[in-house]
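Undergrad: Dropping the structure in here first, questions after.
The values are calculated or read from the model by the stated rules, or taken from the named source; none is laboratory data. Computed from a predicted structure; not experimentally measured. Note that each Cβ is placed from the backbone with ideal geometry, even for glycine, and that neighbours are counted across all protein chains shown.
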Amino acid sequence: MKYAENILETIGNTPLVKLNKVTKEVDALVLAKVETFNPGNSVKDRMAVKMIEDAEANGLLKPGGTIIEGTSGNTGMGLALVAIVKGYKLICVISDKQSKEKTDILRAVGAKVIVCPTDVEPTDPRSYYSVSKKLGEETPNSWYVNQYDNPSNSIAHYEQTGPEIWEQTDGKITHFVVGVGTGGTISGVGKYLKEKNPNIKIWGVDTYGSVFKKYHETGIFDENEIYSYSTEGIGEDILPKNVDFSLIDGFTKVTDKDAAVYTRKIALEEGIFVGNSAGSAIKGLLQLKEHFKPEDVVVVLFHDSGSRYVGKMFNDDWMRERGFLDEDITKAEDVIKDHIDKPLVIVRTEELVSHAIERMRKFKISQIPVVDINGFVGSIDETNLFQSYVTDKSIADKPIREIMGKPYPIVMATAAIEDVSKLFSKDNQAVLVDLGNHKFHIITKYDMIGSIK
């Protein structure tokens, strides 16, 4: 009989799969190391086992202890599997930008999950770095993993992932492309491959809002480059000790939109359902295509499963809200199609200004058309309303007609978007769309900005 003694023995030996359509413009053989075949569905299973085994050997983790780690989700899943098999408790500290699926999965495998805000400095006591470190100091019989600086992270990939890639390519690999977060994968694999063949190029994929690329090229840690981004699993606002920049030949940066779009492309064009960092890796690889020759063998690593992003990159509404869907917007009705069924909010000439203010608050809007029995006769917007209030505090009890501005121009639903945009000016903040059958909708500057791709 052939069976594993426990689920941890199934980690590793993941397949190398040729990519055909999504990399068709690359003149080289491109192979994907698909790490979703690990039992925790990510590359992080490898280092989770290694870090815990090394902590046990060094007396840092004792029987019945509690494992504590700040994670973007995947390391937490790997740690959870090891904790289950070995009888440890686990506390995962995660940032609020991570997908709901990741949080739900961690709880499903027995981890206690603490969610921290993303948009704070790493040294802020609310950051997931600070919270996880503090828990490690205060929790009895606990061990703080610290995957960013824990050398066992990169050693796992030096001992496992690197040798697998070398053997699977029969030593013919010429380039390794991978997203960089903690740095364990790129540094461990890169070290092994360069020892085998110093000519192998190691490329890191970074994201906008992260410091890696500029630091590698200039040695400058530029805090001005740090800002929030939606891409998960890669990029950092710190310099983890596991990132060995001397092993990395270069970085390329990928936008949030491209990462999300190419994550979906991999599923649709290759039938490989992988996560957000894989989309970044593929777009990064395409940006580097001039570095590859026909005889080259390029290996790109796919970190995790698409199942952890069903509510994000694989959700049309999530993509549309961020302007990530490449939809043709050529007519006025295209701009408002996502909320075209909502009724138009109006005020009447004889209503009080306080009524308009109330509706602006209730519906969170900045412009309201004004009507009388003959139709649209004026407009109210927050700028004019504020200016009027500054000069006359009693304005709230006056009728709308006394402070309303000019009526908004009206266009047909089929009006070209170029013609609609010309109607916006400093004095005109919105355009009304005639949908027929006496039904109207409004296009604001915010709607127009949201339609920009």
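Undergrad: Can you give me the number of residues within the stretch 242-294 that are of a type in the set (A, V, I, L, M, F, W, C) and assigned to a helix (DSSP H, G or I)? Before you say what the answer is, go through the steps one by one.
TA: If we filter the stretch 242-294 for residues that are of a type in the set (A, V, I, L, M, F, W, C), which is where we start, we get 243, 245, 247-248, 251, 254, 259-261, 266-268, 272-274, 278, 281-282, 285-286, 288, 292.
If we keep only those that are assigned to a helix (DSSP H, G or I) too, we end up with 245, 247, 259-261, 266-268, 278, 281-282, 285-286.
The total comes to 13.
Undergrad: Tell me which residues, restricted to the stretch 216-237, are under 21 Å from residue 95 (Cβ atoms) and surrounded by 16 or more Cβ atoms within 10 Å (Cβ to Cβ).
TA: 225, 226, 229, 230, 231, 232, 233, 234, 235, 236, 237
Undergrad: Name the one entry in 71, 36 that is modelled with pLDDT under 95, under 22 Å from residue 277 (Cβ atoms) and of a type in the set (Ser, Thr, Tyr).
TA: Values: 36 fails: modelled with pLDDT under 95.
Exactly one residue qualifies, and that residue is 71.
Undergrad: Here's a follow-up. Name the residue that is farthest from residue 102 (Cα to Cα), counting only residues in the stretch 262-286 that are crowded, with 24+ Cβ neighbours inside 10 Å and β-branched (Val, Ile, Thr).
TA: Checked the stretch 262-286; the qualifying residue farthest from residue 102 (Cα to Cα) is 282.
Undergrad: Here's another thing I want to ask about it. From the list 81, 19, 90, 31, which one is modelled with pLDDT of 95 or more, out of contact with any helix residue (DSSP H, G or I) (no Cβ under 7 Å at 6 or more places or on another chain) and over 24 Å from residue 238 (Cα atoms)?
TA: Values: 81 fails: out of contact with any helix residue (DSSP H, G or I) (no Cβ under 7 Å at 6 or more places or on another chain); 19 fails: out of contact with any helix residue (DSSP H, G or I) (no Cβ under 7 Å at 6 or more places or on another chain); 90 fails: out of contact with any helix residue (DSSP H, G or I) (no Cβ under 7 Å at 6 or more places or on another chain).
After applying the criteria, what remains is 31.
Undergrad: Let me ask you something else. Give the residue that is surrounded by the most Cβ atoms within 10 Å (Cβ to Cβ), with candidates limited to residues of the stretch 393-443 that are assigned to a loop (DSSP other than H, G, I, E, B) and free of Cβ contacts under 8 Å to residues at least 12 places away in the same chain. Can you show your working first?
TA: Step one: list which residues in the stretch 393-443 are assigned to a loop (DSSP other than H, G, I, E, B), which gives 398, 403-404, 406-409, 413-415, 422-429, 437-438.
Right, trim to free of Cβ contacts under 8 Å to residues at least 12 places away in the same chain and you get 422, 425-426, 437-438.
Numbers: 422: 10, 425: 7, 426: 6, 437: 5, 438: 7.
Top of the filtered list is 422.
Undergrad: Here's a follow-up. Report yes if some residue within the stretch 123-131 is part of a helix (DSSP H, G or I), in contact (Cβ under 8 Å) with a residue 40 or more places away in the chain and under 30 Å from residue 252 (Cβ atoms); otherwise report no.
TA: As a first pass, look at the stretch 123-131 and keep what is part of a helix (DSSP H, G or I): 128-131.
From what's left, in contact (Cβ under 8 Å) with a residue 40 or more places away in the chain: 128-129, 131.
Next cut, under 30 Å from residue 252 (Cβ atoms) only: 128-129.
Within the stretch 123-131 (the criterion being part of a helix (DSSP H, G or I), in contact (Cβ under 8 Å) with a residue 40 or more places away in the chain and under 30 Å from residue 252 (Cβ atoms)), the answer is yes, since at least one residue qualifies.
Undergrad: Find the residue count for the stretch 287-338, including only residues that are buried (at least 18 other Cβ atoms within 10 Å of the Cβ) and small (Gly, Ala, Ser).
TA: Going through the stretch 287-338 one residue at a time, the tally reaches 3.
Undergrad: If you scan the stretch 1-32, which residues turn out to be surrounded by 12 or more Cβ atoms within 10 Å (Cβ to Cβ) and not aliphatic (A, V, I, L, M)? Working first, answer last.
TA: Here is the first cut: in the stretch 1-32, the residues surrounded by 12 or more Cβ atoms within 10 Å (Cβ to Cβ) are 6-12, 14-17, 19, 22-23, 26-32.
If the condition is that a residue be surrounded by 12 or more Cβ atoms within 10 Å (Cβ to Cβ) and not aliphatic (A, V, I, L, M), then 6, 9, 10, 12, 14, 15, 23, 27 are the ones that fit.
Undergrad: Under the condition of being out of contact with any helix residue (DSSP H, G or I) (no Cβ under 7 Å at 6 or more places or on another chain) and not acidic (Asp, Glu), which residue from the stretch 308-339 is nearest to residue 257 (Cα to Cα)?
TA: Selected residue: 322.
Undergrad: Regarding residue 67, is this residue assigned by TED's automatic domain parsing to the domain that holds residue 12, more than 27 Å from residue 311 (Cα to Cα) and touching a residue at least 60 places away in the same chain (Cβ under 8 Å)?
TA: Details: assigned by TED's automatic domain parsing to the domain that holds residue 12: no; more than 27 Å from residue 311 (Cα to Cα): yes; touching a residue at least 60 places away in the same chain (Cβ under 8 Å): yes.
For residue 67, the condition - assigned by TED's automatic domain parsing to the domain that holds residue 12, more than 27 Å from residue 311 (Cα to Cα) and touching a residue at least 60 places away in the same chain (Cβ under 8 Å) - is not met.
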